[in-house]
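This report concerns only the one structure given below.
The values are calculated or read from the model by the stated rules, or taken from the named source; none is laboratory data. Just so you know, these numbers come straight off a predicted model, no measurement behind them. All Cβ positions, glycine included, derive from the backbone under ideal geometry; neighbour counts span all protein chains shown. Side chains are part of the model used for accessible areas, which takes the heavy atoms of the whole protein and leaves out ligands, DNA and RNA. Shrake-Rupley method; radii C 1.70, N 1.55, O 1.52, S 1.80 Å.
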Amino acid sequence: MANPEWRARSALVALALSATACRGPSTRNDGVDACSMPGTTPCAALAGEIIVSAAASLTDAFVAMKSAFEAMHADVDIVLNLGGSSALRAQILEGAPVDVFASANATNMTRVVEAGRLADDAHFFARNYLRIAVPAGNPAGISGLEDLTNAALRIALCAEEVPCGELARRVFARAGLFPALDTNEPNVRALLTKIQLGELDAGVIYVTDVASANGAVQGIEIPDDVNVAAEYLVGVLADAPNPTGAAKFVQFVLSDQGRVLLASHGFAPP
């Protein structure tokens, strides 16, 4: 399910988004580090920290990326800074030391590009659709979006400035409904936690976050004609403390091996 609205926004600022990896000579398309292949000219060894600021919804997938990448590069330590894309963008624009930014929407990446903080193109690498989430057993008997308009229930979305909140509100607008909100959470993992604990009757989160709960929450489908997708972008920061390591990590995310890891956590391809 394509999202023409994202393409329109990205065109406004001439973001050169790429749906394929910009692979350097030392990275094969299967994610294997060619520097370690027999008969090749040795490449500069990667070492040190690589600070990756990534959307909270990428948590499980990027923890897996971290493990795989560190297994390939023994002297590298991936430091994951996970949170709402808008909060991460603000940190970057305030000068926080970051090597790689992975955003859950084009809006926050655009702000970073406009500020001159991205070294090169941003790359579109995954999609993630929305789903209603309820505690295990669905005690409130939620069956669809209309139930989230019931003021007698405890309902929450992500905050409006966060991609999962912006997209959820777009879903309700498409459906012609107004959710009866009790709270707005700072990121999708904070919302997921409250649903898991039974503090809420329902919320709207990503398909991948429902899967990550391992049965602690149940997912309820949102009709395709009103559902929308988060579209994830990744790029290297212009003032990255470890630019070589950052570029290699982005190559890994875009590689076949990276795509397999993303798919295993429920992400759709770009």
Ordered by packing density, taken as the mean number of other Cβ atoms within 10 Å over each peptide's residues, highest first, how do 130-142, 191-203 rank? 191-203, 130-142
Would you please give the residues with an amide H less than 5 Å from that of residue 126, counting only those at least 5 places away or on a separate chain, with H modeled from the backbone geometry? 232
Length released on extending from residue 75 to residue 199, taking residue separation times 0.36 nm less the Cα-Cα span: 40.4 nm
The extension gain from residue 184 to residue 119, computed as 0.36 nm times the residue separation minus the Cα-Cα distance, is 20.1 nm
Ignoring ligands, DNA and RNA, what percent of the 1.4 Å accessible area of the stretch 128-229 is carbon and sulfur? 48
Dipole magnitude of the stretch 128-229 about its Cα centre, charges +1 at Lys/Arg Cβ and -1 at Asp/Glu Cβ only, in debye to the nearest 20? 100
Go through 178-184, 217-223 and give me the packing order, highest mean Cβ count within 10 Å leading. 217-223, 178-184
